[in-house]
Structures are given as structure tokens and as C-alpha cells.
2 protein chains.
Amino acid sequence: MDDRRKSQLNKILVLFYFAYRTFTDKPDQILAKHHLQRVHHRILFFVGHFPGLTVNQLLAVLEVSKQALHKPLKQLVELGFVHNAPAERDRRSRLLTLTDTGEALEKELSDAQRVFLDQIFTEAGTGTEEAWVQIMSALSQKRPAVGFLKDLQ
Amino acid sequence: MDDRRKSQLNKILVLFYFAYRTFTDKPDQILAKHHLQRVHHRILFFVGHFPGLTVNQLLAVLEVSKQALHKPLKQLVELGFVHNAPAERDRRSRLLTLTDTGEALEKELSDAQRVFLDQIFTEAGTGTEEAWVQIMSALSQKRPAVGFLKDLQ
DNA sequence: AATATTAAGTCAATAACATTGACATAAAGC
DNA sequence: GCTTTATGTCAATGTTATTGACTTAATATT
């Protein structure tokens, strides 16, 4: 790798860092008003987009321990954002869904990001979004896959 | 925003989350072997790429409090990775630089990311990298700028 | 020269969070 | 019946973040 390439890649490392921080900025601010943190957003996001997710699946996708998930998940249930019911087939596992207020909060948080990103992609030229998605998909696939994620649409 | 667009943007939110996690994965593993964390990498990265950075500038770019930076920075100095000398013009401020071993560790950490990203960009088609950089630059610029960052090369 | 300001370093109290290990319950599977 | 699985919880410990305060040294202001 020559110096010129290395320098370009360094620029890319900085961009990734700052871009991700911008990406999490607005939701973090909204969460703070509710005295919640980023982990709560992640829970709301994945439960919202994969309703009926079990606790174990949520642990797998977030890559955290059961004990680490316990507190924020319990808070979301107690605050009435997340609902938790035994599965019919296997009543040991519990299916997570969002309540109406949970849907509303998740929408508020993710809308901030969707509107933001939509604006950026619209301002960029044709094909830019496809290219970005291609790169980020390649990066995402370089990690252990979680089965149900392929249902994402 | 129609449902189809919203669905595409949801996919993008997931990609951003997982791609960033892949991005930080290898450095995190290397850091763990040294009993260090991501904040140490950030310090090493910015000190390495902006030698002579002052403590205040580092605080600004990382957006953390002086007290939060204190411990990890002190550790890096005590471990001999970072050097800390009074500035000539204004001897109150102290200029941070990497030692030789600090350079080596920073290189090890960032190389993991550079090699990884270089591979992804190479595998993607022509123009893909430029598009990715365009999007991430736009995102990065949507946040308070830190003066010296424009020197980035 | 005296005073104020700035940069940096540190300490202490508190709160928040993660980690490990253990244990309990209920439901399924064998 | 015995074992395994999914979940929930607790406690102890360690780590990290946050807030506020204070100190030192150097520089700027008046």
C-alpha cells in the first residue's frame, strides 16, 4: 500500500468515525430527554422492525449478555414501550413487541435518522446511494450473521 | 416519504449499525490484548495523525470532558505510547505526540482497518469509493467542525 | 506589578454500567 | 423422571462517566 493510498484510507477512517457520530447524534438527544440511552434505541429499533423477536434473538443481534440487556429491557417494559408475551408454540420463549407508545418513540428516533439520511442521499448524485449500500453491505456481511436478519425489508 | 422509501432507509439504518460494528471489531480485539479500550485507539489515532495536538484540541475532537480523557490519556503516557511536552510558544499548553511504540501500536490498530476497507473498496466497482466518501463527508460536515481537521491529508 | 485568565492536571463523591457467577422458574424434549 | 432450554433475577465486583472543586504554572490584561 503506497503512501498516497494510505493517506486516502486515513481520511476514510476519520470520515467513518465522524459520520457515525453524526448518525447517532439526534436520536441520542431525543433519548436523553426521556432519560434513556442508545441501547434503548437499539432495543426499540430491532423489536420494532422484527416484531415477535425473542429475548435470545435480541441478545444475539445486539451481542450483549443477558445481564447487560436485563436492565434496559426491563425499563422499556415498565415504561410501557415494550410488550412481552409467551410464544404460543413454545411458552418458554417470550416474544417482544412494541406498544403504541413504543411505536411512537421508535418512530421519533428512527425518523430523525431516516430524514437526515434521505436528505444526504437526495443531495448526492444518482447511483451514490447504491454505491454506499454496496460498501456497507459488504462490511456488514463480514461478521457472524443472525438468521432472522435476512428477512429485513 | 412513501413506504417503499422508508423500508429502504430502514435497511440503511441497519447497515450503518452493523458496518460500524465490523469497522471497530478488529481494533477492539487488538486493544483487548493490551487491556486497552476504544478510547485509547481514538487518542492514538488523532495524536498520530495530528502530532503536536494539544490536550484541549484532543478534548474538542473527541467531545469528551477533561476528566473523562484524563485516565486513558494518563495510561497511554505511563505505558510509553504517548509523549507530552510543553509547547514552545505557550508553555501552558502541552503538545501530544506518539512515541515509537505508540506509532507501532497505532499502526497495528489502524492497519487492521485500512487493509479491511481497502479490500472492500477494491472488490467494489469503480467510483464506489468516491460515492461512499461523498456521503460520509456530507454526514461528517453536519456537525461542529474542529479547526485543525481541515489539515487532514 | 498586581490581577485575571487560560491550559493542564488531579482528586473525591456519586452515579451509571458492565461482568461474572449463581440461582430460580417454567416449559419442552428425551 | 431427568435434562435441557429460555427467561428472569440477584449480588458482588470492577470499571467508567459525571460533576464539582481545587492547584499549579504560564500568559494576558490593566
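Using a label position 7 Å from Cα in the Cα→Cβ direction, what is the ascending list of nm distances from residue B:87 to the same site in the other copies?
6.0
Hey, for residue B:51 with labels 7 Å out along Cα-Cβ, what do the inter-copy distances come to in nm, ordered shortest first?
Those separations, rounded to one decimal, come out as 5.8 nm.
Expressed as a fraction of 2.2 N^0.38 Å, the rule-of-thumb size for a compact globular protein of N residues, what is the C-alpha radius of gyration of region B:5-139?
1.24
Anyone know which of B:90, B:118, B:28 comes out most mobile in the 10 Å Cα GNM of chain B?
Result: B:90 has the largest fluctuation of those listed.
Can you list the copy-to-copy distances for residue A:115, using a point 7 angstrom from Cα toward Cβ, in nanometres, shortest first?
From this label point to the equivalent ones elsewhere in the assembly: 4.4 nm.
Could you bin all the Cα-Cα distances of region A:1-49 into 10 Å bins starting at 0 and give me the percent of pairs in each, rounded to whole numbers?
With a bin width of 10 Å, the distribution comes to 23, 34, 21, 16, 7.
Can you give me the relative contact order of region A:5-98 as a percent, contacts being Cα pairs under 8 Å and 6 or more apart? Display every interim value, and only then the final one.
Values: 70 pairs, mean separation 24.0, N = 94.
It rounds to 26 percent for region A:5-98.
Using only helices, what value at 222 nm comes out for the protein assembly as shown when you add -39,500 (n - 2.57) per DSSP H run of length 4 or more and divide by the total residues, to the nearest 500 deg cm²/dmol?
It comes out at -22000 deg cm²/dmol, rounded to the nearest 500.
What is the ratio of the Cα radius of gyration of region B:37-113 to 2.2 N^0.38 Å, with N the residue count, to two decimals? Before the final figure, lay out the partial values.
On the way: Rg = 11.7 Å, N = 77, 2.2 N^0.38 = 11.5 Å.
Output field value: 1.02.
Report the label-to-label distance for residue A:38 and residue A:94 in nanometres (one decimal), using points 7 Å from each Cα along the Cα→Cβ vector.
Between residue A:38 and residue A:94, the simple spin-label model gives 2.7 nm.
Based on the inverse mean of 1/r over its pairs of different Cα atoms, what is the Kirkwood hydrodynamic radius of region B:20-73, in Å?
11.8
Any idea what % of Cα-Cα pairs in the protein assembly as shown are farther than 24 Å?
Details: 27277 of 46665 pairs.
So the pairs more than 24 Å apart make up 58 percent of the total in the protein assembly as shown.
Quantify how strongly other chains surround peptide B:4-12 by giving the mean number of their Cβ atoms within 10 Å of each of its Cβ atoms.
6
Whose Cβ in chain A comes nearest the axis that rotates A onto B, and by how many Å?
That would be A:131, 2, residue then distance in Å.
Mind checking A:42-49 for the average number of partner chain beta-carbons within 10 Å of each residue's beta-carbon?
Mean inter-chain Cβ contacts per residue within 10 Å come to 2.
In whole percent, what relative contact order does region A:45-153 give with Cα contacts below 8 Å and a gap of six or more residues? It would help to have the intermediate numbers written out before the result.
Values: 75 pairs, mean separation 27.9, N = 109.
It rounds to 26 percent for region A:45-153.
Here, each number is a calculation from the coordinates, and none is a lab measurement. No experiment lies behind these values; they were computed from the predicted model shown. Heads up, the Cβs are rebuilt from the backbone with ideal geometry, glycines too, and the neighbour counts pull from every protein chain shown.
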